[in-house]
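The values are calculated or read from the model by the stated rules, or taken from the named source; none is laboratory data. Fair warning: this is a prediction, and the values are worked out from it, not measured in the lab. With ideal geometry, Cβ positions are generated from the backbone for all residues, glycine too; neighbour counts draw on all protein chains shown. Remember, those area values only see protein heavy atoms, side chains included, never the ligands or the DNA or RNA. Shrake-Rupley method; radii C 1.70, N 1.55, O 1.52, S 1.80 Å.
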Amino acid sequence: MERKKIINQHYLKLLIASLFIGLFSSLLAFSLKHLTEFFEHKIFSSVSNFQSLFLILMPTVGITAIYFLRKYAFQNRKNKGITEIYKTLDQRKDHLPLYKITSHYLNGFLTVIFGGSTGIEVSTVVATAAVGNAAYEKEFSAKMYKRELICAGVTAGVAILFTSPLAGWLFAMEVIARKFSKALFISCSAAALVAWLFIYFFNEQPLLPFEVTTWSTHAIPFFILLSLLGGLLSVYFTLLVTRLKVLFSKITNNFLRVNIGAILVGLMLFYFPSLYGDSYHGLKEILEEAVSFQNISILLLVALLFLKPLAASLTLGAGGDGGVFAPSIVAGAFLGLFFATVCNTYFDTKLILLNFALVGAAATLSASLYAPFTSLILICGLLPNGTALFFPIIMSCFIAQFFSKKILPYNVYTYDFYLSSKAVKQKA
């Protein structure tokens, strides 16, 4: 009886701590999201209207600023994305230092507003995870709940970014915790509740202002083929990120490392402005054209679906902050549009372009994250009635993930762990 009472007290403390972590993480994610949106649009519009040649220099400005921040403000301590969270969870003595909140917040913000072709999602995830870790170190709950408090922060952060508490909850469980327990359920649910209240009171809207009208079972074979292509696209992206990461790490001259990657990204922005920043603005414009005219340039889509992962990889290699969320969603949507446009143009299939953009985004994201349930809810939440495509999206998520795993045994987040385990096996 006494033991049960102690356990219940632990759960109560965990619940209260998770509510406060959820509140702080929601504020952090909300401010980063809206500040980034505002300044990204402002800078892009100003540069495009004044002199589009300046687009070439914009990523250099952002990544150079990050370099000096990292060198002087954060004492040359590097950010390594979600692998930092895995390390602190797998090795309980390691912690996410408090400076990770400001470093990822500022670096993600500067990367995107100056055109670095990633998104703020991973910056938000690590910053909010650091909030949870700080609460753990302050002993706001029992010592055994480190994973739970970190996941509470991540839940709220992702929920705010995508206006979907369920997507945040699933991401924390599926990608960060990688297991389920009663304590995790309590912490993540408490943080998701706070995020939901935040979304409700601030009237946060879905990312894309379109509506799904219908879909036909006759399109299922096409959805399956697109899912396989989405898996291939995620493998292409993963290989780009990991190979360029190694390549750039061999460049010892900091000036060269920053400018080679940043200027290459800038050149892509000059010819394809849709690649600027997280590219959600470019995706919206192209989807508006696709929805209105049910047709779009095939060559443009081919260029964008291959260049978005390349631009993101170069941004990360040069020292920008970010991850695979936005690039996977955007490149996958371009892939879906390309696939449907080709089928309609050459085979008269009458596929609905918007539907295939969403399914392509879901397939590529799921294969990149190894998170089919998160991808399902997240992509369904991009539109006001995205759940109308529930079946084709969930089907594509599982097919793409399975297919990509068969081709490549790791993704961007598990790459370092894959290499270390492989090295251990070779030594044995």
Query - Filter result (out of contact with any helix residue (DSSP H, G or I) (no Cβ under 6 Å at 6 or more places or on another chain) and part of a loop (DSSP other than H, G, I, E, B)) within segment 211-252 - result: 211, 213, 214, 216, 250, 252
Query raised in the report: Would segment 197-208 turn up any residue that is in a loop (DSSP other than H, G, I, E, B), closer than 30 Å to residue 347 by Cα, out of contact with any helix residue (DSSP H, G or I) (no Cβ under 6 Å at 6 or more places or on another chain) and not β-branched (Val, Ile, Thr)?
Result: yes
Report summary line: Residue count, segment 253-297, condition open to solvent by 20 Å² or more (accessible area, probe 1.4 Å), within 15 Å of residue 314 (Cβ to Cβ), part of a helix (DSSP H, G or I) and of a type in the set (A, V, I, L, M, F, W, C), comes to 7
Report task. Tally the residues that are within 23 Å of the chain's Cα centre (by Cα) and over 19 Å from residue 217 (Cβ atoms), restricting the search to segment 336-356. Result -> 2
Query raised in the report: Within segment 339-351, can one find any residue that is modelled with pLDDT under 95, open to solvent by 20 Å² or more (accessible area, probe 1.4 Å) and either closer than 23 Å to residue 119 by Cα or among the acidic types (Asp, Glu) (or both)?
Result: yes
**Report entry** Scan of segment 388-412 for residues that are surrounded by fewer than 23 Cβ atoms within 10 Å (Cβ to Cβ), over 15 Å from residue 359 (Cβ atoms) and touching a Gly at 6+ places or on another chain (Cβ under 9 Å), ordered by number
**Finding:** 402, 405, 406, 407
Query raised in the report: Which ones in segment 43-60 are part of a helix (DSSP H, G or I), open to solvent by 40 Å² or more (accessible area, probe 1.4 Å), out of contact with any helix residue (DSSP H, G or I) (no Cβ under 6 Å at 6 or more places or on another chain) and without any contact (Cβ under 8 Å) to a residue 24 or more places away in the chain?
Result: 46, 49, 50
**Report entry** Scan of segment 167-211 for residues that are at pLDDT 95 or above, among the aromatic types (Phe, Trp, Tyr) and crowded, with 19+ Cβ neighbours inside 10 Å, ordered by number
**Finding:** 169, 171, 196
Query - Single residue of 102, 88, 83 found to be open to solvent by 30 Å² or more (accessible area, probe 1.4 Å), closer than 30 Å to residue 143 by Cα and part of a helix (DSSP H, G or I) - result: 102
**Report entry** Residue satisfying all of: in segment 185-198; of a type outside the set (Gly, Ala, Ser) and over 22 Å from the mean Cα position of the chain (by Cα); nearest to residue 28 (Cα to Cα) among these
**Finding:** 197
**Report entry** Search result, residues across segment 1-42 that are of a type in the set (Lys, Arg) and either touching a Gly at 6+ places or on another chain (Cβ under 8 Å) or open to solvent by 80 Å² or more (accessible area, probe 1.4 Å) (or both)
**Finding:** 3, 4, 5, 13, 42
Query raised in the report: Restricting the first residue to segment 380-396 and requiring it to be closer than 21 Å to residue 284 by Cα, which pairs with a second residue that is among the hydroxyl-bearing types (Ser, Thr, Tyr) and part of a helix (DSSP H, G or I) meet a Cβ separation below 6 Å and a spacing of at least six or different chains?
Result: 380/387
Query raised in the report: Failed condition for residue 418, given (1) at pLDDT 95 or above; (2) closer than 30 Å to residue 257 by Cα; (3) of a type outside the set (A, V, I, L, M), with all others met?
Result: (1)
